[in-house]
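Asks: My structure is below; once you've seen it, I'll send some questions.
Here, each number is a calculation from the coordinates, and none is a lab measurement. The model shown is predicted, which means the values in this text are computed figures rather than measured ones. All Cβ positions, even for glycine, are placed from backbone atoms using ideal geometry, and neighbour counts span all protein chains on display.
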Amino acid sequence: MSGQDWENRKQIMIDTEDRMEEAELGMRLFGSISHRADEDSFYFAGDELRDAPLSEQQIRRVGFRRAEGMPAVHAAIYRARPEVNVVVCTRQCYGSVLGVIRQDELVAEDASGKRLKIRVVPFSLPGSDAQRSLVRRLAGKEKNVGFLITANSGVIAFGQDAEEAFGSALMLESYAKLYLSKLCRTQIPCAVVHGYDSVRTDAGEIRYAKTDTPARVRMIHEQIYAKRPEAGAVVHNRSEAALTVSRLYERLYPLYDDYVRLAGRAARIPVDPCGCIGRDTVYVTNDCNLVFSFDDGAYCIGGDEREAQFVARSAERACIAQIAATRLDGANILSTRDVRRLSKRKGGSENGW
């Protein structure tokens with residue numbers, strides 16, 4: 001491949017990743033992108049937390065035979081579908097929710113009534129041999145579909161070029177919204193809504209983003225920092241999804257692999273059916289970076305503001321998934337064994353930030 005061809009593919013990957021992030025398809029929350037180079041290799045980037053656009057230095061060349069982890073999953077798509085030249089793995093909100101509700105195959109309709117069969121890849125650890133094998137088998141079986149949903153994880157979209165891969169991911173998100181609206185009666189927007197955030201300085205001083213932060217909320221922040229001395233920031237998410245979970249559920253369960261790697265284990269939620277415990281009652285633990293207050297949303301803990309934001313984004317997706325799964329009366333909840341294995345990976349809360 002000439003230097004000019006390499007430069008073109010590199011720019012295509014950078015532009016596509018940026019475009020997908022602008023479309024809120026979750027590329028920077030452990031998302032990844034690749035572009036076929038030749039018959040033996042491809043260019044790969046991602047599978048990490050990023051709060052900035054993709055750069056040239058993050059793109060590397062990977063051989064099909066030596067691919068490991070998430071690159072191996074991309075390689076499985078290329079081998080199963082020789083016509084594919086671009087693969088993206090996203091953490092898009094509504095498409096990934098379909099991988100949480102308890103179904104292996106879904107049939108969704110768009111606004112015009114056109115039907116689409118959606119296959120869900122059973123859960124296995126991201127980048128594992130099991131996931132690679134399952135993805136290759138299903139991608140080869142569904143020749144007329146440009147995406148797969150990976151249970152408890154996200155979406156893999158692909159196409160002959162970047163435009164087709166982007167279109168596949170966007171189309172799935174559109175179908176997923178309609179599916180969840182009809183069957184799960186869920187039309188909750190996926191967006192973190194900041195309530196009363198805070199940071200802790202090196203000197204131990206707690207600084208609040210809003211000067212009018214209520215005394216009750218300040219008390220919760222103080223409890224979090226006292227229990228979690230390694231915490232440097234707290235993002236208070238008062239989105240519709242977080243508020244709904246905080247008032248209707250006893251726990252937020254680990255439904256996504258990124259949730260476990262960022263937030264940790266299931267988050268216990270105070271239940272107040274008769275107004276006895278008060279909204280200042282919270283449960284702060286060392287193995288979960290989420291703290292719920294009754295009818296007040298989620299307090300997301302991070303080593304700094306950036307990490308707390310990622311915890312908030314991951315928890316927002318988990319809240320919507322739990323609401324949808326409850327209304328459909330079934331969810332794929334990660335097992336205790338899977339939670340333990342995921343928490344040991346990069347970004348896992350048990351090993352700190």
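Asks: I'd like the Kirkwood hydrodynamic radius of region 198-351, using the inverse of the mean 1/r over distinct C-alpha pairs, in Å. Walk me through the numbers before you get to the answer.
Replies: Numbers: mean 1/r = 0.0643 Å⁻¹.
Computed over Cα pairs of region 198-351, the Kirkwood hydrodynamic radius comes out at 15.6 Å.
Asks: A further question follows. Mind checking the alpha-carbon convex hull of region 193-258 and giving the volume per residue in Å³?
Replies: On the way: hull volume 8.2 nm³, N = 66.
Output value, Cα hull per residue: 124 Å³.
Asks: Which angle between 0 and 90 degrees, to the nearest 10, do you get for helix 129-141 versus the longest principal axis of the chain when only C-alpha atoms count?
Replies: Approximately 60 degrees, to the nearest ten.
Asks: Quickly work out the residue 6-to-residue 39 label distance, labels modelled 7 Å from Cα along the C-beta direction, and quote it in nm with one decimal.
Replies: Rounded to a tenth, the inter-label distance reads 2.1 nm.
Asks: Suppose we look only past 26 Å in the calculated P(r) of the chain. What percent of the Cα-Cα pairs does that tail hold?
Replies: Numbers: 30525 of 62128 pairs.
So the pairs more than 26 Å apart make up 49 percent of the total in the chain.
Asks: With each run of n ≥ 4 DSSP H residues scored as -39500 (n - 2.57), what mean residue ellipticity at 222 nm is computed for the chain after dividing by its residue count and rounding to the nearest 500 deg cm²/dmol?
Replies: Values: 10 runs with 130 residues, N = 353.
Rounded to the nearest 500, the figure is -11500 deg cm²/dmol.
Asks: I've got another one for you. If you project the alpha carbons of region 3-183 onto the principal axes, what extent comes out on each, in Å, largest first?
Replies: Sorted from largest, the Cα extents of region 3-183 read 49, 31, 27 Å.
Asks: Give 10/114; 141/182; 10/117; 117/177 a once-over and call out the pairs whose C-alpha atoms are over 25 Å from each other.
Replies: Numbers: 10/114 35 Å; 141/182 28 Å; 10/117 33 Å; 117/177 15 Å.
The pairs that break the limit, which is 25 Å between Cα atoms, are 10/114; 141/182; 10/117.
Asks: Out of every Cα-Cα pair in region 57-102, what percent are more than 14 Å apart?
Replies: Numbers: 637 of 1035 pairs.
So the pairs more than 14 Å apart make up 62 percent of the total in region 57-102.
Asks: Let me test this: with uniform point scatterers at the alpha carbons of region 4-75, what is the Debye-based log₁₀ I(q)/I(0) at q = 0.13, 0.22, 0.23, 0.25 1/Å?
Replies: -0.34, -0.95, -1.03, -1.17
Asks: Could you list 307, 22, 222, 240 so that the one with the fewest beta carbons within 10 Å of its beta carbon is first and the one with the most is last?
Replies: Numbers: 307 22, 22 9, 222 12, 240 18.
Ordered by Cβ neighbours within 10 Å, fewest first: 22, 222, 240, 307.
Asks: Given labels modelled 7 Å from the Cα in the Cβ direction, how far is it in nm from residue 185 to residue 66?
Replies: So the label points at residue 185 and residue 66 sit 5.6 nm apart.
Asks: Would you mind classifying region 113-258 by shape? Square roots of the alpha carbon gyration tensor eigenvalues, ordered a ≥ b ≥ c; an a/c under 1.5 is rounded, otherwise it is prolate if a/b is larger than b/c and oblate if not.
Replies: Here region 113-258 falls in the prolate category.
Asks: While we're looking at this one, here's another question. Label-point separation (nm) for residue 327 and residue 283, each offset 7 Å from Cα along Cα-to-Cβ?
Replies: For residue 327 paired with residue 283, the spin-label model returns 2.5 nm.
Asks: Which order results if 201, 244, 281, 90 are arranged by neighbouring Cβ count within 10 Å, fewest first?
Replies: Values: 201 9, 244 18, 281 14, 90 31.
With the fewest neighbours first, 201, 244, 281, 90 line up as 201, 281, 244, 90.
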